[in-house]
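Engineer: Have a look at this one.
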Amino acid sequence: MTSALSDPTLERHFKGHRGAVTSVDFSCNMKQIATGSVDSCVMIWNMKPQMRAYRFEGHKDAVTSVQFSPSGHMVASASRDKTVRLWVPSIKADSTEFRAHTAAVRCVNFSDDGQTLVTASNDKTIKVWTVHRQKFLFSFNQHVNWVRCAKFSPDDRLIVSCSDDKTIKLWDKNSRECIQSFFEHAGYANHVDFHPSGTCIAAASTDSSVKLWDIRTNKMLQHYQVHSGAVNSLSFHPAGNFLITTSSDSTVKILDLLEGKLLYTLHGHQSSVTCVAFSRTGDYFSSGGADEQVMVWKSNFDCIKHGNGVKVQKKGTSTVRPPTSSSMARFPLNSDPSVLHCQTSEPAEHVNRQESQTASHAQSFSHGSHSRAAHSQVYRDPSISSSSTRQTQTTQLPSRHHQSDSHTSDGKVPSGIANALEHIIGQLDILTQDLCSPLMKSSVSLQTFTSILSSSMKPRSLLC
């Protein structure tokens, strides 16, 4: 059963930073959005129209990461000035400074209970802090290059990190040991995060790819090659069905993890899109870019409550194209690791259908303005079928018929053409009479060949 769903829409547009936006996060009650920027400021945007934004100044260099605490009462920020700050998101802008790193801090992340912080730094370390005592606890030191990102697992037992040393490491917080390493060969990961189930991780890489691993079997589940530039950030939908990615190619892409396909490509930012985050409920997501803009989008594609199957139905006004050279798999969310495997399908026929050329491009708005005029494009992967949600797509070939077709609609061939064909056939019979017999014995009928070709073109499921 399908549901009539809409494309994502641009709901709000904020502009106030004086440099590229580097990080974005929603408060738990959806009333505020925190952003960081290379302008050294943290900004708190109020979702309620006509309410002023707060600008927090305290860092002495670019702010690289921001996050609300689970309660929404604090905002943590990391900076190139080697510090981490905890802010109270109010007009007073009270903050506390944490110092322990010896180089730029790239990322900050709260544990699910809000009691602990983890930070990643260019000093090649990952550090864990206590929030209430505001004290550094311990470090992880096995990376051999800058650490780009570090995140807690949903149960707070594990930490995942990614580094310019082309590794992604899993750490046990209690034993303080590295328990698993995943290797990137073509590039390094800019961003990494846990799936809401805690059983998988996703990494956004400089080689334009997005990869997902099962941390129980240590096997790759999915590999998406849908961007044309480095992938800078990603965010899981709270239900775990969707993944949003951002890239230096100026696009935001939405992936359906259950079907293993690309759903949407959103064009709104004028340059590299550096960060993205879903709201706590998944109803909204926000993106920030090098164009100094913060955009808030309404999801729309997921209107079914958590725990139910999510069905997607596209509107007829979208530009539909398949993703190029992507290897994607279905994403089974099953507790049994033995059934978590990668299914790869051969590419099916590419469908490129321009259904509408009247979609409006995203425009610039004053602070806090509303908009539904964003230009979104949809890229579908037809190689993976879903009988319950999609119909077979076929390519319409150009018609070669003209008005004269009315003479042949009854199946008869005009006499002039028939005479010419008989003459040609007669000449061919004379030229090939010595070869006709052996060729007939070895030939394959067109019907048989078509049958073989059709069977060879059917997608084959492979297990990784």
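Engineer: With a ≥ b ≥ c taken as the square roots of the eigenvalues of the C-alpha gyration tensor of segment 94-183, please select rounded if a/c is under 1.5 and otherwise prolate if a/b is larger than b/c or oblate if it is not?
Structural biologist: oblate
Engineer: Next question. Checking a compactness column here: for segment 166-209, what do you get for Rg(Cα) / (2.2 N^0.38 Å), N being the number of residues?
Structural biologist: Here the Cα radius of gyration is 1.23 times the empirical estimate.
Engineer: Could you tell me what percent of the accessible area of segment 123-244 is made up of carbon and sulfur, with a 1.4 Å probe and every protein chain present?
Structural biologist: Heavy-atom surface of segment 123-244 belonging to carbon and sulfur, 1.4 Å probe: 46 percent.
Engineer: What fraction, in whole percent, of alpha-carbon pairs in segment 137-287 exceed 22 Å separation?
Structural biologist: Roughly 36 percent, rounded to a whole number.
Engineer: Restricting things to alpha carbons, tell me how big segment 1-147 is in terms of Rg and Dmax, in Å.
Structural biologist: Cα radius of gyration and Dmax of segment 1-147 are 16.4, 56 Å respectively.
Engineer: Another question, if that's okay. Pairs 151/253; 31/82; 31/261: which are spaced more than 24 Å apart, C-alpha to C-alpha?
Structural biologist: Long pairs (Cα-Cα over 24 Å): 31/82; 31/261.
Engineer: Along segment 11-23, what does the Karplus equation 6.51 cos²θ - 1.76 cosθ + 1.60 (θ = phi - 60°) give for ³J(HN,Hα), rounded to whole Hz, x for Gly and Pro?
Structural biologist: 9, 9, 9, 10, 9, x, 5, 9, x, 4, 7, 9, 7
Engineer: Another one. What does the charge add up to near residue 30, with Lys and Arg as +1, Asp and Glu as -1, over the other residues with Cβ less than 11 Å from its Cβ?
Structural biologist: +2
Engineer: Could you give the nm distance between label points at residue 30 and residue 271, where each point is 7 Å from its Cα heading toward the beta carbon?
Structural biologist: 3.2
Engineer: At 1.4 Å probe radius, can you tell me the per residue accessible area of segment 7-156 in Å²?
Structural biologist: On a per-residue basis, segment 7-156 sits at 40 Å².
The values are calculated or read from the model by the stated rules, or taken from the named source; none is laboratory data. This structure is a prediction, so every number in the text was calculated from the model and none was measured. Positions of Cβ are generated from backbone atoms using ideal geometry, with glycine treated the same way; all protein chains shown enter the neighbour counts. All accessible areas refer to the heavy atoms of the entire protein, side chains included, with ligands and DNA or RNA removed. Shrake-Rupley method; radii C 1.70, N 1.55, O 1.52, S 1.80 Å.
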